[in-house]
Every structure is written in structure tokens, then in C-alpha cells.
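Notes follow once the structure below has been shown.
The values are calculated or read from the model by the stated rules, or taken from the named source; none is laboratory data. What you are looking at is a predicted structure, and each value in this text was computed from that prediction instead of being measured. Because the Cβ atoms are built from the backbone with ideal geometry, glycine has one as well, and the counts that use them run over all protein chains shown. Only protein heavy atoms, including side chains, enter the accessible area calculation; ligands, DNA and RNA are left aside. Shrake-Rupley method; radii C 1.70, N 1.55, O 1.52, S 1.80 Å.
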There are 2 protein chains.
Amino acid sequence: MALPSLEILIEQFRKLPSVGRKSAERMAYSILDYSKEEAELFAKSIIDAKENIKRCKICHNFSEDEICPVCRDDQREKSIICVVEDARDIISLEKVKNYNGVYHVIGGTISPMNGVTPDDLNIKSLLMRINNDGTNEVIIATNPTVEGETTALYISKLIKPLGIKVSRLAYGMPVGGELDHADEVTIMRALEGRREL
Amino acid sequence: MALPSLEILIEQFRKLPSVGRKSAERMAYSILDYSKEEAELFAKSIIDAKENIKRCKICHNFSEDEICPVCRDDQREKSIICVVEDARDIISLEKVKNYNGVYHVIGGTISPMNGVTPDDLNIKSLLMRINNDGTNEVIIATNPTVEGETTALYISKLIKPLGIKVSRLAYGMPVGGELDHADEVTIMRALEGRREL
């Protein structure tokens, strides 16, 4: 059809998670129905999000400031740290609203197959926080996958000798699933039934 | 979570067709993993598509020039016009590759309920083309919905008195469905089995 601008836009939409060719086409066409202002707003929001959102210096959560809103919040219980694989898992956990501790994003899982070793993850900074911040409990909320379990075990072995309570989210979530996909009730049950490692 | 840039981006993704809150969140997060250059390319492709893609002066198809590639193509049979509701239907028809005529986008369907009258559609320009361009056949490819059928009937009643062959896409497509969603084989069958009105 020789509409290079449209083809480029379709390709851009296809790069998004779970977007196939047909969906990408529909998205691109919908942009053609936008006003000039709407298209500019959309484009600007992409640039802005990329530019403004950094990583929290303490927990590696997404943040528009040096320190994220959770770490800055005086009401949060700083002695409980919930360890997650990815910053987006924090959003899922925050939706439940009954967790009042803080977080630590390790940025993945130990996976020798993919060449990811403990050194590639934010585990040293976690140990440093535990040593310095008076941590009482660490809840490990890595995903219930093989890599997530391995990582949970690895971290618990490092932390338990320090005399700190280490727990793991209960299997309220479907095994093999991802935290990011779980509904809020499931996450709440998993939090309540957390078991000591 | 107080990440206004992210919330704005999620809202932008939610405005796209068939994108719910969860999908929009995943899309927005995926942007955070983009490099600065990738984010800028995506933003630019939105602006470019909106700015560069206009409507063909002859058939109202999407086009980056005054006249669209189909109308400009000397190999296309100008005496056969396929009437579609929407410019994106042309992409679906072009994928079949065995239609060699031209198109006319009427821009919707007659729908008294929604206040759309024949005057709101590109029907006058269709009649003008038929009068001036030596048209032999008009294939009406409006969607097989009540409004699409009504519009097909209305157009055929205007054109048949001019001594022009008018046909309608066969019901190879599921009734109530939309051209935009049909697969290529279905569209091919519908083209082959077109019946005279």
C-alpha cells in the first residue's frame, strides 16, 4: 500500500508486549483518527515517561525523584522489606493496600542458563540495607517459577544467618504464573499466608 | 504510587482499541525498558503518521500524497470501483491480491439512528466518478450489518439506473461481522462469489 509512515507506526506498536499484527494495525489506524493535539500528547507522554522515570537510589523502584514515594513515606514500616524481581511487581503489591513495609527490587532472578548470577542482581544493596536499617523481616516475593524459587532460596540462605525472619509469599498464586498477572485477592491471600523459610 | 508520567502514559495506551488497564500498564512499563532513542523513534512515528497520512482526492483512501497509490497505478482497472465503508477496509481487500480494480471510501454507513444521512457520506463524489470515468462495475463491500446492507441497497438504487453493473460481496463473511476482522481466504471467497444486486 506504500504508506511508509503507517508501516513504521504499526511496527512500533508490534514491539509492545502481546500486540500482534492485526492489533498493531488497529492501533495505528486509531492514531489517524486522533486530532493533531491528541497525537502530540501521546508522543509527548512516551518521551516524558522515559525521561522522568528513574530508579530509586534505595530500593531500585521506579521513581520520578532520587528516592521513591514508598521509601520517602514516614508511615511505612522500614523494618520489613519485600523483595521483588521487578519494579512493576511493586504496583501489583501496592494495589492490595494491606502491606505497609518497604521494597527491594533485585532486577531479575538467578538463572545460570541465561548467564544471570547473583552478582548481576541488586542483592548486595539488599544486604547493605539489612545491615544498616534495622530490618526485622524480609518477605521474598519472587515469582513461583523455578528461577524465582532458586533466587528465594539463595537470598534466604544469605539472610537467615543474620537472625532475620525470612518469609516467602504463600502459593496462593498459580504455580508457574507471574506476580504481574495475578489478581488482587490472590496477591492478598499470598501475603497473609506467607511462610517462614 | 505517585508516578504521574507513568499514569499519563498508561492512560494514553488505554485509549487505543481493545486495550484494558492491565495491558496498558504492561505497555507503559515496556517503554521504561526502551533506550532513549527507541522512545524517541516511537514518539516520532506517531507524529509522522498523523502528519503525513492524508486522504486521496479521488477515492478518500489513506495516502501520503494527493492521489493514493491505488488510484495512481496504471495497472489497475479504473472501470471497476469497489465501495468500502472505511479506508482500513482497503488494506484487508488489498491483502487478497486478486482484486485489480480501484476503490471508493464512503466513510461510514447510512444510519438514521446515529444521524448519519447519505449526505454525510462520500456518495456524491462516487456518482461523479461513475459519470466521468467510464465505470463498468461497482462492487459494494460495505460490512454485512444492517447499516451496511441499507447503505449497499441505497447506493445500488442510485447506480443501477445508470446502466452499470452493481454487485455485492458474497456472504462468505460471518453475518454481523466486520471486514476489518475477516481473514484473507474469507475475503477472497466473498470477492469471487459477489452477486448482482
Is it the case that some residue within region A:40-56 is assigned to a loop (DSSP other than H, G, I, E, B) and more than 30 Å from B:D48 (Cα to Cα)?
yes
Pick out the one residue from A:R14, A:R21, A:R72 that is surrounded by fewer than 21 Cβ atoms within 10 Å (Cβ to Cβ), more than 30 Å from B:P69 (Cβ to Cβ) and more than 8 Å from every other protein chain (Cβ to nearest Cβ).
A:R72
Taking only region A:24-52 into account, find how many residues are over 21 Å from B:A87 (Cβ atoms) and surrounded by 15 or more Cβ atoms within 10 Å (Cβ to Cβ).
11
Name every residue in region A:26-55 that is more than 7 Å from chain B (Cβ to nearest Cβ) and either in contact (Cβ under 8 Å) with a residue 24 or more places away in the chain or touching a helix residue (DSSP H, G or I) at 6+ places or on another chain (Cβ under 6 Å) (or both), in order of residue number.
A:R55
Could you tell me whether B:E64 is facing another protein chain (nearest Cβ under 7 Å), over 30 Å from A:K95 (Cβ atoms) and without any contact (Cβ under 8 Å) to a residue 24 or more places away in the chain?
yes
Strands (runs of 3 or more DSSP E) wholly inside region B:78-197 that include at least 3 residues being in contact (Cβ under 8 Å) with a residue 40 or more places away in the chain and either in contact with a strand residue (DSSP E or B) (Cβ under 8 Å, 6 or more places away or on another chain) or surrounded by 20 or more Cβ atoms within 10 Å (Cβ to Cβ) (or both)
B:101-105, B:137-140
Conditions (1) within 13 Å of chain B (Cβ to nearest Cβ); (2) touching a residue at least 24 places away in the same chain (Cβ under 8 Å); (3) open to solvent by 10 Å² or more (accessible area, probe 1.4 Å); (4) farther than 25 Å from B:K22 by Cα: number failed by A:P4
(2)
Determine which single condition A:S18 fails, assuming it passes every other condition in (1) under 29 Å from the mean Cα position of the chain (by Cα); (2) part of a helix (DSSP H, G or I).
(2)
